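S.K.: Just dropping this structure here.
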Amino acid sequence: MGCSKNNTALENAEQDRRNKINDARDKGKKLIAAKQAHLDNLLKNRQPAINPYAGMTNQMANLSVSTKAAEFQAEQTDMALANTLDTIAATGGGAGGATALAQAALQSKKGIAASLEQQEANNQKLAAQGAQQLQTQLAEGEKFKFDTTENRQNADIDRSATKLDNTEQRVLENLNAINTSYINETMA
């Protein structure tokens, strides 16, 4: 009878130990699930990374050519030539003088055209530089956005892994403590 009583006591102690281990394991699983749910909620509700250069446009693409000064210069040249031609005609000058005057007018107009061409070329150069700067800034913005998102994801992964490791370690320590307690009780 004494052995039967000891066996029953051992079986009860063993069952008690299993119940404690199962309870500790179940509590650990719930704790891990709660930490994971909290982390998932934080990840879901964080603000998105932004591109600070989005929506930029090339401000130098539509530069105008200044024609007012060229028009004024052409008018002044025409008036000066007309006055000179009137003077030549009044003084009895010949056709050679008129031809020379026409050549001077042509050269003057070529200078005006060259000035306009120079402005247009400069504007095209500025537009190309502006487009290049815009593309560079857009690329930098995308890189900034990518790096920000990448850094966040890496930090979240590291934090999540650390929390889960710590929780799993505590659950394991609790289970080991229950086993150690059982062994000490059995030995005593």
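S.K.: Across the range 164-180, which residue is most open to solvent (accessible area, probe 1.4 Å) among those that are in contact (Cβ under 8 Å) with a residue 60 or more places away in the chain and either in contact with an Asp or Glu (Cβ under 9 Å, 6 or more places away or on another chain) or closer than 14 Å to residue 18 by Cα (or both)?
M.R.: So in the range 164-180, the residues in contact (Cβ under 8 Å) with a residue 60 or more places away in the chain come out as 164, 167-168, 170-171, 174-175, 178-179.
Checking which are either in contact with an Asp or Glu (Cβ under 9 Å, 6 or more places away or on another chain) or closer than 14 Å to residue 18 by Cα (or both) leaves us with 174-175, 178-179.
Values: 174: 88, 175: 35, 178: 35, 179: 51 Å².
Checking each candidate, the answer is 174.
S.K.: Another one. Can you tell me how many residues in the range 15-60 are in a loop (DSSP other than H, G, I, E, B) and loosely packed, with under 12 Cβ neighbours inside 10 Å?
M.R.: Step one: of the range 15-60, the residues in a loop (DSSP other than H, G, I, E, B) are 45-60.
With loosely packed, with under 12 Cβ neighbours inside 10 Å added as a condition, the list becomes 45-48, 50, 52, 54-55, 57.
Going through the range 15-60 one residue at a time, the tally reaches 9.
S.K.: Okay, next question. Could you tell me which of the residues 155, 161 is out of contact with any His (no Cβ under 9 Å at 6 or more places or on another chain), open to solvent by less than 70 Å² (accessible area, probe 1.4 Å) and modelled with pLDDT of 90 or more?
M.R.: Just a single option satisfies the conditions, and that option is 155.
The values are calculated or read from the model by the stated rules, or taken from the named source; none is laboratory data. Keep in mind the model is a prediction, meaning the values are calculated, not measured. So basically every Cβ, Gly included, is an ideal-geometry build from the backbone, and we count neighbours across all protein chains shown. Heads up: the accessible areas ignore ligands, DNA and RNA and are worked out on the full protein's heavy atoms, side chains in. Shrake-Rupley method; radii C 1.70, N 1.55, O 1.52, S 1.80 Å.
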